[in-house]
Amino acid sequence: MSKTIGILTSGGDCAGLNAVMRAVVCRADSLGWTVIGIENGTAGLLEDPYRVRKLHPDDFDGFVMRRGGTILGTTNSRNPFQYEMDDGEVKDRSDEVIAALKDLGIEALIGIGGDGSFDILSRLAEKGGINMVGVPKTIDNDLYMTDLSVGFDTAVEVATEALDRLQPTAASHDRVMILEVMGRDAGHIALSAGIAGGADVILIPEIPYTIEGIAKKIQAVKDSGRNFALVIVSEAVKTPDGKKHEVVYYGGETRYGGIGEFLGPKIAEATGFETRVTVLGHVQRGGNPTHNDRLLAQALGVKAVDLIEAGEYGKMVAWQNRAAVAVPIQDAIKECRIVKKDGFLVHTARSLGISFGD
Ligand code: F6P
(Lines give C-alpha, C1' and ligand atoms only; values in the text may rest on other atoms or scores of the structure.)
Protein backbone atom coordinates (compact mmCIF):
# COMPACT_ATOMS: atom_id res chain seq x y z
CA MET A 1 0.00 0.00 0.00
CA SER A 2 1.35 3.44 -0.90
CA LYS A 3 2.62 5.58 1.97
CA THR A 4 3.88 9.13 2.39
CA ILE A 5 6.86 9.51 4.65
CA GLY A 6 8.53 12.69 5.82
CA ILE A 7 12.23 13.12 6.43
CA LEU A 8 14.15 15.86 8.18
CA THR A 9 17.64 16.57 9.48
CA SER A 10 17.87 18.17 12.88
CA GLY A 11 20.64 19.47 15.16
CA GLY A 12 24.22 20.12 14.06
CA ASP A 13 25.07 18.86 10.59
CA CYS A 14 27.78 16.35 9.76
CA ALA A 15 29.05 14.44 6.76
CA GLY A 16 26.81 11.61 5.56
CA LEU A 17 23.35 13.14 5.98
CA ASN A 18 22.67 13.29 2.24
CA ALA A 19 23.71 9.64 1.95
CA VAL A 20 21.07 8.69 4.55
CA MET A 21 18.44 10.58 2.53
CA ARG A 22 19.49 8.89 -0.69
CA ALA A 23 19.05 5.46 0.87
CA VAL A 24 15.66 6.37 2.36
CA VAL A 25 14.39 7.80 -0.93
CA CYS A 26 15.63 4.86 -3.04
CA ARG A 27 14.25 2.23 -0.65
CA ALA A 28 10.92 4.06 -0.34
CA ASP A 29 10.71 4.46 -4.12
CA SER A 30 11.22 0.74 -4.55
CA LEU A 31 8.08 0.26 -2.44
CA GLY A 32 6.18 2.85 -4.46
CA TRP A 33 6.11 5.31 -1.55
CA THR A 34 6.44 9.12 -1.59
CA VAL A 35 9.08 10.94 0.45
CA ILE A 36 8.60 14.54 1.51
CA GLY A 37 11.74 16.37 2.62
CA ILE A 38 11.17 18.93 5.36
CA GLU A 39 13.61 21.85 5.35
CA ASN A 40 15.41 23.19 8.43
CA GLY A 41 14.15 20.51 10.78
CA THR A 42 10.73 21.05 12.32
CA ALA A 43 11.18 24.82 11.76
CA GLY A 44 10.27 24.24 8.09
CA LEU A 45 6.77 23.24 9.20
CA LEU A 46 6.27 26.50 11.07
CA GLU A 47 6.48 28.63 7.95
CA ASP A 48 3.67 29.61 5.63
CA PRO A 49 3.83 27.93 3.14
CA TYR A 50 5.58 24.94 4.72
CA ARG A 51 9.16 24.51 3.53
CA VAL A 52 8.86 21.04 2.07
CA ARG A 53 9.65 19.31 -1.20
CA LYS A 54 9.10 15.88 -2.67
CA LEU A 55 12.33 13.90 -2.91
CA HIS A 56 12.89 11.51 -5.78
CA PRO A 57 15.82 9.16 -6.53
CA ASP A 58 16.80 11.50 -9.41
CA ASP A 59 17.57 14.19 -6.81
CA PHE A 60 20.44 11.96 -5.72
CA ASP A 61 22.15 11.65 -9.05
CA GLY A 62 25.45 10.37 -7.74
CA PHE A 63 26.73 13.83 -6.77
CA VAL A 64 24.66 14.71 -3.71
CA MET A 65 25.40 11.49 -1.81
CA ARG A 66 29.12 12.35 -1.85
CA ARG A 67 28.62 15.80 -0.38
CA GLY A 68 28.79 16.92 3.24
CA GLY A 69 26.11 19.06 4.85
CA THR A 70 22.40 18.47 4.32
CA ILE A 71 20.44 19.43 1.24
CA LEU A 72 17.43 19.95 3.52
CA GLY A 73 19.14 22.35 5.93
CA THR A 74 18.99 21.94 9.68
CA THR A 75 18.83 23.89 12.91
CA ASN A 76 19.99 23.27 16.45
CA SER A 77 18.19 26.17 18.06
CA ARG A 78 14.51 25.92 17.06
CA ASN A 79 12.87 23.68 19.62
CA PRO A 80 9.13 23.79 18.77
CA PHE A 81 8.25 23.33 22.47
CA GLN A 82 10.19 26.50 23.32
CA TYR A 83 10.24 28.46 20.10
CA GLU A 84 11.72 31.93 20.24
CA MET A 85 9.63 34.30 18.11
CA ASP A 86 11.13 37.32 16.31
CA ASP A 87 9.99 39.61 19.15
CA GLY A 88 11.78 37.43 21.74
CA GLU A 89 8.58 35.81 23.09
CA VAL A 90 9.03 32.07 23.75
CA LYS A 91 6.04 29.97 22.60
CA ASP A 92 5.10 26.29 22.56
CA ARG A 93 4.47 25.64 18.83
CA SER A 94 4.46 21.85 19.02
CA ASP A 95 0.75 21.64 18.08
CA GLU A 96 1.48 23.55 14.86
CA VAL A 97 4.20 21.06 13.90
CA ILE A 98 1.88 18.12 14.59
CA ALA A 99 -0.92 19.75 12.59
CA ALA A 100 1.46 20.40 9.67
CA LEU A 101 2.58 16.76 9.56
CA LYS A 102 -1.05 15.66 9.46
CA ASP A 103 -1.94 18.29 6.88
CA LEU A 104 0.84 17.00 4.61
CA GLY A 105 -0.48 13.46 4.95
CA ILE A 106 2.79 12.24 6.48
CA GLU A 107 2.16 8.76 7.84
CA ALA A 108 5.66 8.19 9.21
CA LEU A 109 8.50 10.55 9.98
CA ILE A 110 12.23 9.79 9.74
CA GLY A 111 14.29 12.13 11.89
CA ILE A 112 18.04 12.15 11.31
CA GLY A 113 19.40 13.56 14.55
CA GLY A 114 21.29 13.29 17.80
CA ASP A 115 20.15 13.13 21.41
CA GLY A 116 18.62 16.61 21.58
CA SER A 117 16.69 16.18 18.34
CA PHE A 118 15.46 12.70 19.29
CA ASP A 119 14.21 14.02 22.60
CA ILE A 120 12.16 16.70 20.82
CA LEU A 121 10.95 14.41 18.03
CA SER A 122 9.86 11.66 20.42
CA ARG A 123 7.95 14.19 22.52
CA LEU A 124 6.21 15.37 19.35
CA ALA A 125 5.52 11.78 18.34
CA GLU A 126 3.99 10.98 21.70
CA LYS A 127 1.92 14.15 21.86
CA GLY A 128 0.63 13.92 18.27
CA GLY A 129 0.48 10.16 17.78
CA ILE A 130 3.13 10.42 15.06
CA ASN A 131 4.93 7.34 13.76
CA MET A 132 8.59 8.15 14.13
CA VAL A 133 11.88 6.42 13.39
CA GLY A 134 15.29 7.94 14.21
CA VAL A 135 18.57 7.67 12.33
CA PRO A 136 21.58 8.51 14.56
CA LYS A 137 24.00 11.17 13.40
CA THR A 138 26.55 13.06 15.43
CA ILE A 139 30.26 13.60 15.11
CA ASP A 140 30.36 13.27 18.92
CA ASN A 141 29.34 9.55 18.70
CA ASP A 142 27.70 9.93 22.11
CA LEU A 143 24.43 8.02 21.53
CA TYR A 144 23.89 4.74 23.34
CA MET A 145 22.91 1.47 21.64
CA THR A 146 24.82 2.14 18.42
CA ASP A 147 28.52 1.49 17.90
CA LEU A 148 28.64 4.35 15.44
CA SER A 149 26.63 7.41 14.49
CA VAL A 150 26.76 8.94 11.02
CA GLY A 151 29.44 11.66 10.79
CA PHE A 152 31.81 10.37 13.46
CA ASP A 153 34.12 8.51 11.11
CA THR A 154 34.55 11.56 8.88
CA ALA A 155 35.28 13.81 11.87
CA VAL A 156 37.91 11.35 13.11
CA GLU A 157 39.41 11.18 9.63
CA VAL A 158 39.69 14.98 9.49
CA ALA A 159 41.29 15.13 12.95
CA THR A 160 43.71 12.33 12.06
CA GLU A 161 44.71 14.12 8.88
CA ALA A 162 45.24 17.30 10.91
CA LEU A 163 47.72 15.40 13.13
CA ASP A 164 49.40 14.04 9.98
CA ARG A 165 49.81 17.60 8.76
CA LEU A 166 50.96 18.95 12.10
CA GLN A 167 53.66 16.31 12.57
CA PRO A 168 56.13 17.50 9.89
CA THR A 169 55.81 21.15 10.82
CA ALA A 170 56.21 20.26 14.51
CA ALA A 171 59.38 18.29 13.67
CA SER A 172 60.75 21.11 11.50
CA HIS A 173 60.43 23.67 14.31
CA ASP A 174 61.07 21.62 17.49
CA ARG A 175 57.53 22.31 18.69
CA VAL A 176 54.70 20.79 20.65
CA MET A 177 51.57 21.04 18.54
CA ILE A 178 48.24 21.09 20.35
CA LEU A 179 45.15 20.15 18.37
CA GLU A 180 41.75 21.02 19.87
CA VAL A 181 38.89 18.90 18.53
CA MET A 182 35.12 18.83 18.99
CA GLY A 183 33.04 16.11 20.66
CA ARG A 184 31.04 17.97 23.29
CA ASP A 185 31.13 16.10 26.63
CA ALA A 186 32.55 12.90 25.15
CA GLY A 187 36.18 12.34 24.16
CA HIS A 188 35.56 9.83 21.35
CA ILE A 189 36.97 12.00 18.53
CA ALA A 190 40.16 12.87 20.44
CA LEU A 191 40.68 9.27 21.55
CA SER A 192 40.23 7.71 18.11
CA ALA A 193 42.12 10.39 16.18
CA GLY A 194 44.83 10.51 18.84
CA ILE A 195 45.54 6.81 18.44
CA ALA A 196 45.24 6.85 14.65
CA GLY A 197 47.30 10.03 14.27
CA GLY A 198 50.13 9.12 16.63
CA ALA A 199 49.51 11.67 19.39
CA ASP A 200 51.82 11.59 22.41
CA VAL A 201 49.16 12.98 24.75
CA ILE A 202 45.38 12.61 24.50
CA LEU A 203 43.28 14.76 26.80
CA ILE A 204 39.60 13.85 27.15
CA PRO A 205 36.95 15.09 29.58
CA GLU A 206 36.55 11.62 31.09
CA ILE A 207 40.14 11.40 32.44
CA PRO A 208 41.46 14.12 34.77
CA TYR A 209 44.98 15.34 33.95
CA THR A 210 47.64 17.60 35.42
CA ILE A 211 50.08 19.88 33.64
CA GLU A 212 52.85 17.92 35.38
CA GLY A 213 51.42 14.69 33.91
CA ILE A 214 51.53 16.15 30.40
CA ALA A 215 55.02 17.60 30.95
CA LYS A 216 56.31 14.24 32.19
CA LYS A 217 55.33 12.54 28.93
CA ILE A 218 56.75 15.35 26.79
CA GLN A 219 60.01 15.28 28.78
CA ALA A 220 60.21 11.53 28.11
CA VAL A 221 59.75 12.23 24.39
CA LYS A 222 62.56 14.82 24.56
CA ASP A 223 64.81 12.43 26.49
CA SER A 224 64.28 9.82 23.80
CA GLY A 225 65.87 12.26 21.34
CA ARG A 226 62.65 13.30 19.55
CA ASN A 227 62.33 17.04 18.95
CA PHE A 228 58.55 17.40 18.76
CA ALA A 229 55.34 16.15 20.33
CA LEU A 230 51.66 16.06 19.41
CA VAL A 231 48.87 16.71 21.89
CA ILE A 232 45.17 16.29 21.04
CA VAL A 233 42.61 17.78 23.39
CA SER A 234 38.81 17.50 23.45
CA GLU A 235 36.98 20.80 23.58
CA ALA A 236 35.18 19.90 26.84
CA VAL A 237 38.37 19.23 28.80
CA LYS A 238 38.44 21.51 31.83
CA THR A 239 41.37 23.35 33.37
CA PRO A 240 43.12 21.31 36.11
CA ASP A 241 41.11 23.29 38.69
CA GLY A 242 37.83 22.36 37.02
CA LYS A 243 36.99 25.46 34.95
CA LYS A 244 35.16 24.99 31.63
CA HIS A 245 36.46 26.86 28.58
CA GLU A 246 33.63 28.32 26.53
CA VAL A 247 33.12 30.81 23.75
CA VAL A 248 30.16 33.18 23.99
CA TYR A 249 28.68 33.96 20.60
CA TYR A 250 26.70 37.03 19.60
CA GLY A 251 23.25 36.66 21.14
CA GLY A 252 24.63 34.90 24.22
CA GLU A 253 24.83 31.27 23.01
CA THR A 254 27.82 29.43 24.43
CA ARG A 255 29.85 26.55 23.02
CA TYR A 256 32.95 24.77 24.24
CA GLY A 257 36.23 26.27 23.02
CA GLY A 258 39.53 27.68 24.22
CA ILE A 259 41.11 24.84 26.20
CA GLY A 260 43.91 24.48 23.61
CA GLU A 261 44.88 28.14 24.01
CA PHE A 262 44.80 27.70 27.78
CA LEU A 263 47.15 24.71 27.61
CA GLY A 264 49.63 26.15 25.08
CA PRO A 265 51.60 28.48 27.39
CA LYS A 266 51.28 26.10 30.35
CA ILE A 267 52.88 23.27 28.36
CA ALA A 268 55.56 25.62 27.00
CA GLU A 269 56.42 26.77 30.51
CA ALA A 270 56.51 23.26 31.91
CA THR A 271 58.53 21.67 29.08
CA GLY A 272 60.67 24.39 27.52
CA PHE A 273 59.18 23.51 24.10
CA GLU A 274 57.65 26.18 21.90
CA THR A 275 53.93 25.39 21.48
CA ARG A 276 51.36 26.19 18.82
CA VAL A 277 47.62 25.58 18.96
CA THR A 278 45.25 24.56 16.15
CA VAL A 279 41.50 24.58 16.71
CA LEU A 280 39.86 22.30 14.15
CA GLY A 281 36.27 23.43 14.76
CA HIS A 282 33.59 22.94 12.12
CA VAL A 283 36.07 21.59 9.58
CA GLN A 284 35.32 18.26 11.30
CA ARG A 285 31.68 18.47 10.23
CA GLY A 286 32.19 19.43 6.58
CA GLY A 287 33.69 17.81 3.52
CA ASN A 288 32.85 14.58 1.78
CA PRO A 289 31.86 11.68 4.03
CA THR A 290 34.36 8.83 4.31
CA HIS A 291 33.42 5.52 2.70
CA ASN A 292 32.60 4.19 6.20
CA ASP A 293 30.15 7.02 6.81
CA ARG A 294 28.54 6.56 3.39
CA LEU A 295 28.13 2.87 4.03
CA LEU A 296 26.75 3.35 7.53
CA ALA A 297 24.43 6.15 6.39
CA GLN A 298 22.95 4.07 3.59
CA ALA A 299 22.58 0.89 5.65
CA LEU A 300 20.78 2.86 8.37
CA GLY A 301 18.64 4.72 5.81
CA VAL A 302 17.45 1.45 4.26
CA LYS A 303 16.78 -0.01 7.71
CA ALA A 304 14.70 3.03 8.70
CA VAL A 305 12.34 2.38 5.77
CA ASP A 306 12.30 -1.34 6.59
CA LEU A 307 11.05 -0.43 10.07
CA ILE A 308 8.27 1.69 8.64
CA GLU A 309 7.30 -1.13 6.32
CA ALA A 310 7.13 -3.42 9.37
CA GLY A 311 5.14 -0.82 11.36
CA GLU A 312 7.85 -0.57 14.04
CA TYR A 313 7.90 2.94 15.46
CA GLY A 314 9.50 4.77 18.38
CA LYS A 315 12.76 3.10 17.36
CA MET A 316 16.20 4.28 16.38
CA VAL A 317 18.13 2.33 13.79
CA ALA A 318 21.52 1.39 15.17
CA TRP A 319 24.78 -0.17 14.02
CA GLN A 320 25.72 -3.23 16.04
CA ASN A 321 28.06 -6.07 15.06
CA ARG A 322 28.27 -4.89 11.45
CA ALA A 323 24.51 -4.84 10.92
CA ALA A 324 21.66 -2.34 11.16
CA VAL A 325 19.22 -3.16 13.98
CA ALA A 326 16.32 -1.42 15.72
CA VAL A 327 16.53 -0.19 19.33
CA PRO A 328 14.09 1.78 21.50
CA ILE A 329 14.84 5.44 20.95
CA GLN A 330 14.61 6.21 24.67
CA ASP A 331 17.42 3.74 25.42
CA ALA A 332 19.70 5.57 22.99
CA ILE A 333 19.25 9.00 24.57
CA LYS A 334 18.93 8.22 28.27
CA GLU A 335 22.29 9.93 28.86
CA CYS A 336 25.42 10.98 27.02
CA ARG A 337 27.62 7.97 26.11
CA ILE A 338 31.07 9.04 27.21
CA VAL A 339 34.42 7.26 26.87
CA LYS A 340 34.86 4.38 29.32
CA LYS A 341 38.04 4.98 31.30
CA ASP A 342 38.67 1.24 31.39
CA GLY A 343 37.55 0.66 27.81
CA PHE A 344 39.67 -1.10 25.21
CA LEU A 345 40.65 2.03 23.27
CA VAL A 346 42.00 3.70 26.41
CA HIS A 347 43.91 0.49 27.14
CA THR A 348 45.17 0.48 23.54
CA ALA A 349 46.38 4.07 23.81
CA ARG A 350 48.13 3.45 27.12
CA SER A 351 49.74 0.31 25.71
CA LEU A 352 51.13 2.40 22.87
CA GLY A 353 52.75 4.73 25.37
CA ILE A 354 50.24 7.51 24.85
CA SER A 355 49.67 9.59 27.98
CA PHE A 356 46.32 10.93 29.20
CA GLY A 357 48.16 13.49 31.30
CA ASP A 358 47.16 11.64 34.48
O1 F6P B 1 27.31 18.14 18.59
C2 F6P B 1 28.09 18.40 17.47
C3 F6P B 1 28.99 19.59 17.70
O4 F6P B 1 29.80 19.77 16.54
C5 F6P B 1 29.86 19.52 18.94
O6 F6P B 1 30.97 18.67 18.80
C7 F6P B 1 30.19 20.97 19.15
O8 F6P B 1 30.47 21.23 20.49
C9 F6P B 1 28.91 21.67 18.72
O10 F6P B 1 28.22 20.76 17.89
C11 F6P B 1 29.10 22.97 17.98
O12 F6P B 1 27.85 23.52 17.76
P13 F6P B 1 27.56 24.69 16.76
O14 F6P B 1 27.53 24.14 15.37
O15 F6P B 1 26.24 25.23 17.19
O16 F6P B 1 28.68 25.70 16.90
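The values are calculated or read from the model by the stated rules, or taken from the named source; none is laboratory data. Treat the numbers as computed from the prediction; the structure is a model and nothing was measured. Methodologically, a virtual Cβ is constructed for each residue, glycine included, from the backbone with ideal geometry; neighbour enumeration extends over all protein chains shown. The protein model used for the area step is the full one, side chains on, heavy atoms only, and it has no ligands, DNA or RNA in it. Shrake-Rupley method; radii C 1.70, N 1.55, O 1.52, S 1.80 Å.
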Amide H of N131 versus every other amide H placed in the peptide plane: which residues, excluding those fewer than 5 positions away on the same chain, fall under 5 Å?
L109
Over 20 Å between Cα atoms, which of K222/K341; K222/K266; K238/K340; K266/K341 qualify?
K222/K341; K266/K341
Is it possible to state the helix-based mean residue ellipticity at 222 nm for the chain, with each DSSP H run of 4+ residues giving -39500 (n - 2.57), the sum divided by total residues, to the nearest 500 deg cm²/dmol? What is it?
-11000 deg cm²/dmol
Evaluate 2.2 N^0.38 Å with N set to the residue count of the chain, then give the Cα radius of gyration divided by it.
1.07
Students often forget the sequence filter, so: which lysines lie under 17 Å Cα-Cα from K3 once same-chain residues fewer than 8 apart are removed?
K54, K102, K303
Pairing the Cα long axis of helix 17-30 with the longest principal axis of the chain, what angle in degrees results, from 0 to 90 and rounded to the nearest 10?
30 degrees
Using just the Cα positions, wrap the stretch 1-130 in a convex hull and report its mean projected area in square nanometres, one decimal place.
7.8 nm²
How many times 2.2 N^0.38 Å is the alpha carbon radius of gyration of the stretch 55-172?
1.40
With a 1.4 Å probe and every protein chain left in place, work out the accessible area per residue of the chain in Å², rounded to a whole number.
44 Å²
How large, in percent, is the carbon and sulfur part of the accessible surface of the stretch 257-358 at a probe radius of 1.4 Å?
52 percent
Residue-ordered couplings for the stretch 158-175, obtained by feeding phi - 60° into the Karplus form 6.51 cos²θ - 1.76 cosθ + 1.60 and rounding to whole Hz (Gly and Pro as x), are 5, 5, 5, 5, 4, 5, 4, 7, 6, 4, x, 6, 4, 5, 5, 10, 6, 10
Between helix 94-103 and the chain, what is the angle of the helix's C-alpha long axis to the longest principal axis, kept within 0 to 90° and rounded to the nearest 10?
50 degrees
Placed amide H near V279: partners under 5 Å, 5+ positions off or other chain
E180
For the chain, take the longest principal axis of its alpha carbons; what is the angle in degrees between that and the long axis of helix 259-271, to the nearest 10 within 0 to 90?
10 degrees
Amide H of G16 versus every other amide H placed in the peptide plane: which residues, excluding those fewer than 5 positions away on the same chain, fall under 5 Å?
G69
Would you kindly give the portion of the calculated P(r) for the stretch 132-258 that falls above 21 Å, as a percent of all Cα pairs?
46 percent
Within the stretch 11-50, which residues have the backbone N less than 19 Å from the label spot 7 Å out from E96 along Cα→beta-carbon, could you tell me?
11, 38-50
